[in-house]
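Visitor: I'd like to ask some things about the structure below.
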């Protein structure tokens, strides 16, 4: 494998790890939103007095709320998994949601560790890439390096022997200074 091929392999690995980091960030955003919502539900459930509550407002959506009376000892219906719902006391429901919150917190911590690991890998690969570029530039005079710039898409460099075809991606061109980038 030539130095240029190795640098391209490293650049692909960096891209793969960055995509992984983006997916993890999306998952973290969703999980943190769920965690926050669960916390609000638990607080609301625990704030209902044991003797019940008259005139409570239950949001239905679109800014509409339903006025209801919550009788003493009324329970809550909660999804316990696979679209199966069960009725339980408000305290039991709040406790179950708190357990789920702890599970989500554990998952969030795990994803954050995975993100940090991927980020460290990206840093290491980027450093290896930069060292490889520096070594390649030292061993090859700059006028012999083909000037290309980093692609804005997944374009690949066309070999010199192939004729230009309008259906094929354009050649990469290097910017000012003729330095290799992670996309080379």
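Computed from the coordinates by the stated procedures, all read-outs in this text should not be read as laboratory data. From a predicted model like this one, the values you see are computed outputs, not experimental measurements. Cβ coordinates were reconstructed from backbone atoms using ideal geometry, including for glycine residues, and neighbour counts include every protein chain displayed.
Visitor: If I model a spin label as a point 7 Å beyond the Cα along the Cα-Cβ vector, how far apart are those points for residue 106 and residue 60 in nm?
Guide: Taking the simple label geometry, residue 106 and residue 60 are separated by 4.0 nm.
Visitor: Something else about it: Using 0.36 nm per residue of separation minus the Cα-Cα distance, give me the extension gain between residue 98 and residue 51 in nm, one decimal. Display every interim value, and only then the final one.
Guide: Values: separation 47, 0.36 × 47 = 16.92 nm, distance 2.27 nm.
Contour length minus the Cα-Cα distance gives 14.6 nm.
Visitor: Residues of segment 48-76 with backbone nitrogen within less than 16 Å of a virtual label 7 Å along the Cα-to-Cβ line of residue 88, please, listed as ranges.
Guide: Answer for this model: 74-76.
Visitor: With the cut-off at 1.5 for a/c, could you classify segment 3-139 from its C-alpha gyration tensor as rounded, prolate or oblate? The partial results should precede the final answer.
Guide: Numbers: a/c = 4.68, a/b = 3.82, b/c = 1.23.
Here segment 3-139 falls in the prolate category.
Visitor: When the chain is fully extended, how far beyond the present Cα-Cα distance does residue 67 get from residue 30, taking 0.36 nm per residue of separation?
Guide: Details: separation 37, 0.36 × 37 = 13.32 nm, distance 3.03 nm.
This chain segment gains 10.3 nm when fully extended.
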